[in-house]
């Protein structure tokens, strides 16, 4: 996607201005108490109202990062309940009992894997005769997501991981420059967080790390928006990149072990650690379609990584990266090197099997003891510290909302202009939006019929 700097000057869908549109409502987020994001920000609401005459209503909320006054100044109506609107936008899942006949709901539903916890919501939405459009499924023809919070999950996730590292080292008696960094949610802005990370890096470069700490090696998985956001923060520190193929060789280098003024990073992608069971050369497209033909060698890297940041997409078809059994063997030794896992992906019992639960912003870290299999909230105890907040972009609510809204608002005129009473085959939406329609007037659409077995 390009050209967002000038989006307000563009007319990407060539719709006639001032034509009657369906009403759009922005819902108050109620799944998580700390959730302060909004799918549309006042600046973009103003554009939609002024350019397309789309009626926009905003549900009152005492916690949303943008105030009622900012939305009212943009021309939106602030109301107690937006359930009367034709199209209702949210961020996180909406509750059972909320859906109404003929309404269109647009949010991150987290249902496409048949997630058991969200199947009652999907069943209720279908029984209500409503329509569900999922941001996660708004993709181009190449399958690239067009509307996402991923970069800000990576930004907040890396800030939190560095903060966790400082607190974890402190719990083992080592005070380090990482203590300068706070949890992402504690900052007023991303700029403030960047400044603290940068200052911590300057102290590492000048003063070095505490004796017995270095070298500190960060391993970052993935090469998408999440990983790019994480690396953007990590690169504010004095880091040197290590190729995955050289990690073991370099970590055995004596000079590296004695330099306390540097950190090291290795960016690990599937080509580095997924091996075809019959020796076929790795091809990403083949792996995505046939993951069962591959096995992971990821754990070969773990003895050489101190801080692991996980930013990959994962579902149960794919091999795990870190297993409980491997960690149990690792922590049976005297001095395991893996101190912290920042699991931005946050699939409980998923690619990082010791992510036994998703954590909240208020209590974001637990220590998992691989020997006993028990976890304890906080930074102390035997094992690996796991940061697994599942709404990381919420820790940077203003910046993440602004970014998301820039991506979303050009699609709103087409959403508001469509006739949802017609048959699905005749629904006049761009292909990018139409392939994101999971339920249409109470019925699963053809691409999502596999969910039927989960909602029976």
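Below, the figures for the structure above:
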| quantity | calculated |
| --- | --- |
| Rg/Rg_ref, the range 374-439, where Rg_ref = 2.2 N^0.38 Å and atoms are Cα | 1.90 |
| Ascending count of other beta-carbon atoms within 10 Å, so fewest first, for 213, 161, 355 | 213, 355, 161 |
| Residues 440, 32, 368 arranged by fewest to most Cβ contacts within 10 Å | 32, 440, 368 |
| Cα gyration tensor category, rounded, prolate or oblate, for the range 90-137 with a/c compared to 1.5 | oblate |
| Degrees, to the nearest 10: 397-408 long Cα axis against longest axis of the chain | 50 degrees |
| Whole-angstrom gap from the range 27-81 to the range 287-309, using each part's C-alpha centre | 42 Å |
| Between the range 117-172 and the range 378-451, the Cα center-to-center distance that results, in Å | 9 Å |
| Global form of the range 182-317, assessed from the alpha-carbon gyration tensor, a/c cut-off 1.5 | oblate |
| Descending principal axes extents, the range 150-395, alpha-carbon based, whole Å | 50, 41, 36 |
| Listed peptides 70-80, 164-174 by packing density, highest first (mean Cβ within 10 Å) | 164-174, 70-80 |
| Tensor-based shape of the range 49-166 (alpha-carbon gyration tensor, a/c under 1.5 rounded, otherwise prolate or oblate) | oblate |
| Theoretical ellipticity at 222 nm over the chain - DSSP helices of four or more residues, -39500 (n - 2.57) apiece, nearest 500 | -7500 deg cm²/dmol |
| Per-q log10 I(q)/I(0), the range 110-207, q = 0.11, 0.12, 0.13, 0.23 Å⁻¹ (Debye; single scatterer per alpha-carbon; no solvent) | -0.58, -0.64, -0.69, -1.11 |
| Considering only the chain, percent of DSSP beta bridges that pair antiparallel, nearest 5 | 30 percent |
| Whole-number percent relative contact order across the chain, with pairs defined as alpha carbons under 8 Å at least 6 apart | 19 percent |
| Taking N as its residue count, the alpha carbon Rg of the chain over 2.2 N^0.38 Å | 1.04 |
| The range 150-395, relative contact order in percent, only Cα pairs under 8 angstrom and at least six apart counted | 21 percent |
| Packing-based exposure ordering (other Cβ within 10 Å, fewest first) of 339, 163 | 339, 163 |
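Just so you know, all these numbers are worked out from the coordinates, no wet-lab data involved. Just so we're clear, the structure is a prediction, and the values are computed from it rather than from any experiment. Reconstructed Cβ throughout: ideal geometry from the backbone, glycine too, with neighbour counts over all protein chains shown.
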